Amino acid sequence: MNDSPFLRIERDTSDGARHFVVHTADPRLAVEFAADTAAPDRVGRGVIRRVCVPNSWAGDYGRYAKLLAKAQEFFAASSAEPAPKAETRRLAR
C-alpha cells in the first residue's frame, strides 16, 4: 500500500488532460501540473501551473519550496508506471 501523503488526480477535459497532485495531510496543498512536452517521455517532471495553499501559509516560502519539490517528485514517479490492475479495480465502484 502507498503511504505517501500525496494523491495524483488526472482529469480529461476538452482542452486536454489536467494533472493535479494533492497533499492530503496537514497542511493541505494542491498543485496543478502541465505535461513537459520537451521531456523524452512527453510528461517529465511536469511544469507547475497553479498552487493552492491555505491562507495561514502566507509568506512561509521555505515550507512551500519543500512541499512543491516533493509534489513534483511524486508527479514524476507516479507518471512513470501505471497502477496495478488489482488496485484500480479495487478503487473503482
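May I ask you to derive the FRET efficiency for Lys70 and Arg50 from their Cβ-Cβ distance with R0 = 25 Å, giving the value to the nearest 0.05?
0.90
Converting phi to 3J(HN,Hα) with the Karplus coefficients 6.51, -1.76 and 1.60 and the offset θ = phi - 60°, segment 67-74 yields 6, 5, 5, 5, 5, 5, 5, 4 Hz in sequence order, with x at every glycine or proline. The accessible-area ordering, largest first, of the residues Val21, Val47, Val53 stands as Val47, Val53, Val21, per a 1.4 angstrom probe.
When you count the other C-beta atoms within 10 angstrom of each residue and take the mean per peptide, 59-65, 73-79 line up highest first as 73-79, 59-65. Packing around the peptides 6-17, 28-39, taken as the average count of other Cβ atoms within 10 Å per residue, puts them in this order, highest first: 28-39, 6-17. Couplings 3J(HN,Hα) of segment 17-33, computed from phi: 7, 10, 10, 10, 10, 10, 8, 8, 9, 5, x, 5, 8, 10, 10, 9, 10 Hz, in residue order, whole Hz [Karplus 6.51 cos²θ - 1.76 cosθ + 1.60, θ = phi - 60°; x for Gly and Pro]. Taking amide H as placed 1.01 Å from N in the peptide plane, Gly46 has its amide H under 5 Å from the amide H of Asp36, each at least 5 places away in sequence or on another chain.
The values are calculated or read from the model by the stated rules, or taken from the named source; none is laboratory data. Nothing here was measured: the structure is a model prediction, and the numbers come from that model. With ideal geometry, Cβ positions are generated from the backbone for all residues, glycine too; neighbour counts draw on all protein chains shown. Note: areas computed on protein heavy atoms with side chains; ligands, DNA, RNA excluded. Shrake-Rupley method; radii C 1.70, N 1.55, O 1.52, S 1.80 Å.
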